[in-house]
Amino acid sequence: MLDYNFIGPEEGKLACHDFDIGRMSEPEDIIEQIVRLLGIRQDLKGKQILITAGSTREAIDPVRFISNRSSGKMGYAIAEAAHFRGANVTLISGPTQINPPSGVKVINIISAKEMHDAVMNNKDGQDIIIMAAAVADYRPSISFFQKLKKESETYNLELLKTPDILNELGMSKNGSLLVGFAAETENLEENAKEKLKKKNLDLIIANDASAFESDSSQVKIIDRTGNVESTPELPKLEIANKILDAVLRL
């Protein structure tokens with residue numbers, strides 16, 4: 001025998017301008033009911049989670065910038081997974097081609113300075129902060145207002161360090177559990193453990209830099225006790241849930 005459930009209809013103003021029962025339920029309410037019926041874990045319900053995603057762009061002139069290959073897919077997957085598990089999610093995102101998950105508060109930024117300001121303005125009261133964005137380490141010392149012309153064989157570009165957001169968060173957690181990422185091309189586990197300690201993190205996710213732009217990833221999840229969990233190659237949404245599982249264990 002086929003089983004089914006109704007979601008709505010709701011009472012409210014209808015298309016004919018009458019006020020009665022017949023409105024479609026809000027999409028967020030429909031999703032919440034589906035999640036409940038499917039038995040998806042709500043183990044993050046009520047938790048406040050701040051997530052960063054994507055790359056930053058550091059302007060050279062109005063048409064050129066310094067950036068990296070981060071697509072934002074991992075950060076967006078974590079935001080989606082956390083939302084489905086009941087968390088109140090704020091996603092601070094650099095430029096991406098990804099549609100944000102429904103029900104997630106999104107703050108769009110471009111530069112490392114804008115990322116820094118958005119994180120600092122939203123960090124208070126967060127239970128968990130997950131810094132998945134690949135923030136530029138350097139920016140041009142001068143950003144030109146007009147497009148640079150190709151007039152010489154060489155051009156020297158001076159770079160300055162950008163704010164170290166993760167380090168700043170690690171110095172003053174204020175009760176937040178802090179998660180960082182380490183994308184490396186060599187000595188993956190060793191470099192990640194060093195970053196975990198140096199930045200005063202609770203958890204770090206180490207992955208090979210080749211995972212940029214990919215729909216799947218293979219990571220090492222390293223906690224502050226030195227425990228290392230290595231995952232197989234999995235879709236990033238599955239990796240996201242494994243990361244959240246590790247967060248909850250702490």
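The values are calculated or read from the model by the stated rules, or taken from the named source; none is laboratory data. The model shown is predicted, which means the values in this text are computed figures rather than measured ones. Cβ coordinates were reconstructed from backbone atoms using ideal geometry, including for glycine residues, and neighbour counts include every protein chain displayed.
Inspect all residues belonging to segment 102-113 and state whether any of them is buried (at least 24 other Cβ atoms within 10 Å of the Cβ) and closer than 30 Å to GLN146 by Cβ.
In the first step, residues of segment 102-113 are kept if they are buried (at least 24 other Cβ atoms within 10 Å of the Cβ); the result is 112.
Now drop any that are not closer than 30 Å to GLN146 by Cβ, which leaves 112.
So far as segment 102-113 goes, yes, one or more of its residues are buried (at least 24 other Cβ atoms within 10 Å of the Cβ) and closer than 30 Å to GLN146 by Cβ.
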Quick check on my filter: what residues within segment 21-44 are surrounded by 11 or more Cβ atoms within 10 Å (Cβ to Cβ), touching a strand residue (DSSP E or B) at 6+ places or on another chain (Cβ under 9 Å) and at pLDDT 80 or above?
ARG23, MET24, SER25, LEU44
Taking segment 54-80 and keeping only residues that are in contact with a Leu (Cβ under 6 Å, 6 or more places away or on another chain) and of a type in the set (Gly, Ala, Ser), one is left with ALA77, ALA79
Does GLY125 count as surrounded by 13 or more Cβ atoms within 10 Å (Cβ to Cβ), closer than 24 Å to ALA246 by Cβ and either small (Gly, Ala, Ser) or over 20 Å from the mean Cα position of the chain (by Cα) (or both)?
no
With respect to THR90, determine if the residue is within 29 Å of LEU203 (Cα to Cα), touching a Leu at 6+ places or on another chain (Cβ under 9 Å) and among the β-branched types (Val, Ile, Thr).
yes
Given (1) among the small types (Gly, Ala, Ser); (2) farther than 20 Å from ARG69 by Cβ; (3) in contact with a Lys or Arg (Cβ under 8 Å, 6 or more places away or on another chain), identify the lone condition not met by GLY180.
(2)
Quickly run through segment 107-136 and pick out the residues that are over 22 Å from ASP202 (Cα atoms) and either among the polar types (S, T, N, Q) or out of contact with any Ser or Thr (no Cβ under 6 Å at 6 or more places or on another chain) (or both).
ILE107, ASN108, ILE109, ILE110, SER111, LYS113, GLU114, ASP117
Sort through LYS193, LYS173 and tell me the only one that's in contact (Cβ under 8 Å) with a residue 12 or more places away in the chain, closer than 16 Å to LEU50 by Cβ and among the basic types (Lys, Arg).
LYS173
Would you mind stating whether ALA246 is aliphatic (A, V, I, L, M), over 26 Å from LYS45 (Cα atoms), in contact (Cβ under 8 Å) with a residue 24 or more places away in the chain and in contact with a strand residue (DSSP E or B) (Cβ under 8 Å, 6 or more places away or on another chain)?
no
